[in-house]
Amino acid sequence: MAHTEPASEPAPKPLAVATFARFAMCFARAPLPPEVAHHAQRAVIDWYASIYPGLNTPAVQVLTHTLADDLDRGAAQLVQGRAATPRAAALIQGTAAHAAEVDDSFRDAMLHPGAATIAAALAVAQSVRASGPEFLRAVVLGYEVSTRIGVVMGRPHYQYWHNTGTMGSFGAAAAAASLLQLDEVAFANALAVAATFTAGLQQAFRSEAMAKPLHAGRAAEAGVLAAQLAAGGMRSSLDVLEGESGLGQAMSQGPDWSKVGATLGTDFHITRLTFKNHVGCGHTFAAIDGALALQQMHGFGHADIKRVQLGVYQPTLDIAPHVDPQNADQARFSLHYMVATALVHGSVRLSAFEPERLNDPHTRALMQRIDKALDPAVDAAFPGRRGARVDITLRDGRQLNLLQSDRKGDPELPLSDADLEGKLMELATPVIGEKQARDVLARIWQLHQSARLC
């Protein structure tokens, strides 16, 4: 009688944090592709453009005052020159980079990856005296890890959680772990520890958004702390993402982790970022772009408009719901206000949230003539596409229609290098002056060959 061997058990799939750790070790040894380095520099430019207008926001002022004991000492440095401990620098600057609502995003992960990742990378890079290329490599790694976890967690996670606070912790941890040169085991544990720090509820900015940027700051701090703890020997459950009581089960709906690392090293997510071309909630931008495009094509003024009807995806209705915003924070999350002020004034810049503009009678009158509703086709394309359907009826009877499938600043309609430079100059010059802003730009464009961060 022939002897048959028992069927062998299939090899267990590698755990997600182990997959990322293994990639990080290989990534550390390979040259950073020039195109990827260039996109990392673009992300850093956008981060600096975002942080300067955020520095004087109430949230950052309160935070800086509260963290006074961690300032004027330490191995890191805030962008305006003040010394800080690495964790305090990550917390303050991660918060500031998200506070003005002009930071980058990766659509498929529903995440603003830069605020936390770059804040953590910069703080740790300064503390270990890293080179420019080492800093850029850490930034890239943070983006690749956080965005992939965000993609897996999917839309069910985004229904309740603010991905910039939750997924941002992983980007910050990966960047910090890279700069601390953790080995494979410690790197995996840094991500596992970061998983227990993830937080940030959507409800936190439904009515009062002052604390919203803290989600990015806390993610940056959490990542730095997780990497520091792992460097000191801290260990955690490596199945914390896909385990039966892990992040996926607790904060999503049974996500599939099997392909989380499938395109690592071949498809760099950092090359497909969205950079904001307006100030405020990005979920309103397609409607703004579509309304402005119709206005430019047909030459009408705001007083000529009888009715505006906007067809949007569900998160636009959820996250930008304010019909009658009472302050700048609510205005940034008001689809009605954002579209109306764009049609009245031609753009949505920082000035759109000054008291005089918030109460502009023409804007307020037009807001009353705007309706919004869920558009099933637009919603079905989310999160991969962030579109809006814009229908404008003019007082002379003309009916104008446009499906704005993408926003300017999305990968399909990208901002150029010159656009990003202009964004930094516009937002940084009022805070630090034109010369210093140009110096910041020059230093960023040299990071790929800088022996030390400046």
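The values are calculated or read from the model by the stated rules, or taken from the named source; none is laboratory data. Note that this is a predicted model, so its numbers are computed, not measured. Virtual Cβ from ideal backbone geometry, glycine too; neighbours counted across all protein chains shown. What goes into the accessible areas is simple: the full protein's heavy atoms, side chains included, and nothing from ligands, DNA or RNA. Shrake-Rupley method; radii C 1.70, N 1.55, O 1.52, S 1.80 Å.
Mind listing the Cα extents of the chain along all three principal axes, in Å, largest one first?
In descending order, the Cα extents are 87, 70, 39 Å.
Taking the solvent-accessible surface of protein heavy atoms with a 1.4 Å probe, what is the per residue accessible area of the range 254-325 in Å²?
Values: 2610 Å² over 72 residues.
Here the residues of the range 254-325 average 36 Å² of exposed surface.
In whole Hz and in residue order, list the ³J(HN,Hα) couplings for the range 105-118 that follow from phi through the Karplus curve 6.51 cos²θ - 1.76 cosθ + 1.60, θ = phi - 60°; x for Gly and Pro.
8, 10, 4, 5, 9, 6, 9, 9, x, x, 3, 7, 4, 6
Based on the alpha-carbon gyration tensor of the range 1-122 and its eigenvalue square roots a ≥ b ≥ c, which shape applies: rounded if a/c is under 1.5, prolate if not and a/b is larger than b/c, or oblate?
Details: a/c = 2.76, a/b = 2.37, b/c = 1.17.
It is prolate, given that a/c is not under 1.5 and a/b is the larger ratio.
Starting with the highest mean, order 228-239, 94-105 by the number of other Cβ atoms within 10 Å, averaged over the residues of each peptide. Could you put the intermediate results ahead of the total?
Working: 228-239: 16.7, 94-105: 29.7.
So the order, starting with the most tightly packed, is 94-105, 228-239.
Kindly identify the range 350-454 as rounded, prolate or oblate by the Cα gyration tensor criterion: order the square roots of the eigenvalues as a ≥ b ≥ c, call it rounded if a/c is under 1.5, otherwise compare a/b with b/c, prolate if a/b is larger, else oblate. Could the numbers behind the result be given before it?
Values: a/c = 3.36, a/b = 1.70, b/c = 1.98.
Cα axes put the range 350-454 in the oblate bin.
Mind grabbing the accessible area of TRP445 for me, 1.4 Å probe, Å², rounded to tens?
It works out to around 50 Å².
Please list, in chain and number order, the residues 5+ apart from LYS306 or on another chain whose amide H is under 5 Å from its amide H, with Hs placed from the backbone.
For LYS306, the qualifying residues are THR393, LEU394, ARG395.
Can you put VAL152, VAL17 in order of accessible area, largest first, using a 1.4 Å probe? Numbers along the way, then the final one.
Numbers: VAL152 25, VAL17 0 Å².
Greatest to least solvent exposure: VAL152, VAL17.
Provide the packing ranking of 290-300, 170-180, 341-351, i.e. peptides ordered by the mean count of other C-beta atoms within 10 Å per residue, highest first. Can you show the working numbers first?
Working: 290-300: 16.8, 170-180: 33.5, 341-351: 19.2.
So the order, starting with the most tightly packed, is 170-180, 341-351, 290-300.
MET110 accessible area, nearest 10 Å², 1.4 Å probe?
Counting only protein heavy atoms, MET110 exposes about 10 Å² to solvent.
Taking all protein chains together and a probe of 1.4 Å, list ASP410, ASP417, ASP289 from the most accessible to the least accessible.
Working: ASP410 0, ASP417 50, ASP289 20 Å².
Per-residue accessible area, sorted high to low, gives ASP417, ASP289, ASP410.
Is the C-alpha gyration tensor of the range 300-404 telling us rounded, prolate or oblate? Criteria: a/c under 1.5 is rounded; beyond that, a/b larger than b/c is prolate, otherwise oblate. Can you show the working numbers first?
Values: a/c = 2.04, a/b = 1.15, b/c = 1.77.
Taking the square roots of the gyration eigenvalues as a ≥ b ≥ c, the range 300-404 is oblate.
Rounded to the nearest 500, what is the 222 nm mean residue ellipticity of the chain from helices alone, with -39500 (n - 2.57) per DSSP H run of 4+ residues and division by all residues?
Values: 19 runs with 234 residues, N = 454.
The per-residue figure over the chain is -16000 deg cm²/dmol.
May I ask you to give the percent of accessible area on the chain that is carbon plus sulfur, with a probe radius of 1.4 Å?
On the way: 9580 of 18300 Å².
Carbon and sulfur: 52 percent of the exposed surface of the chain.
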